[in-house]
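The values are calculated or read from the model by the stated rules, or taken from the named source; none is laboratory data. Model, not experiment: these values are computed from the prediction. In this analysis, Cβ positions are derived from the backbone assuming ideal geometry, glycine residues included, and neighbour counts consider all displayed protein chains.
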Amino acid sequence: MRACIGIIVLLVPLVPEGVHMREKQIEQKLVKATKSMGGIAPKFVSPGLDGMPDRIVLLPGGHIGFVEVKAMGCKPRPLQLARHGLLRRLGFKVYVLDDERRIGGILDEIRAT
């Protein structure tokens with residue numbers, strides 16, 4: 001019989017808790033605004049390819065954009081910037097959203113592409 005050893009990992013946030021909530025709130029508002037336009041903004045999970053944007057925004061008419069959501073004033077990590085560059089070279093629109101006031105403009109731009 002094999003014995004399994006459990007390991008407990010305690011994750012300490014790199015930024016204060018309030019900042020994490022702020023990012024989550026911005027992300028929730030993006031999802032809600034996308035739905036109000038008849039689209040969806042599913043969470044983008046890409047196993048084996050770290051650094052991809054948080055959300056894929058899909059709007060009626062075949063319009064697509066990738067959105068990296070950050071807490072206000074926070075910037076993407078170098079790996080994330082590299083993935084953004086890859087997607088842009090492939091012809092996709094990629095946005096970094098760190099202010100809920102930019103949601104409408106980003107969605108309008110995605111819809112216009």
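Some points to look at:
- Scanning the range 89-103 for residues that are of a type in the set (A, V, I, L, M, F, W, C), surrounded by 14 or more Cβ atoms within 10 Å (Cβ to Cβ) and in a loop (DSSP other than H, G, I, E, B) turns up just one, 92.
- Just one of the listed residues (106, 64) is in a helix (DSSP H, G or I) and surrounded by 13 or more Cβ atoms within 10 Å (Cβ to Cβ), namely 106.
- Being modelled with pLDDT of 95 or more, in contact with a strand residue (DSSP E or B) (Cβ under 7 Å, 6 or more places away or on another chain) and surrounded by 16 or more Cβ atoms within 10 Å (Cβ to Cβ) is a description that does not apply to residue 31.
Let's see how each residue does on (1) assigned to a loop (DSSP other than H, G, I, E, B); (2) among the aliphatic types (A, V, I, L, M); (3) crowded, with 18+ Cβ neighbours inside 10 Å:
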| position | (1), (2), (3) |
| --- | --- |
| 24 | no, no, no |
| 58 | no, yes, no |
| 73 | yes, no, no |
| 79 | no, yes, no |
| 87 | no, yes, no |
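- Taken together, 73, 62 contain a single residue that is of a type in the set (Gly, Ala, Ser) and at pLDDT below 95, which is 73.
- Among residues of the range 43-59 that are free of Cβ contacts under 8 Å to residues at least 24 places away in the same chain and within 24 Å of residue 111 (Cα to Cα), those with a Cβ under 8 angstrom from a residue that is assigned to a strand (DSSP E or B) and of a type in the set (Gly, Ala, Ser), sequence gap 6+ or separate chain, pair up as 56/65.
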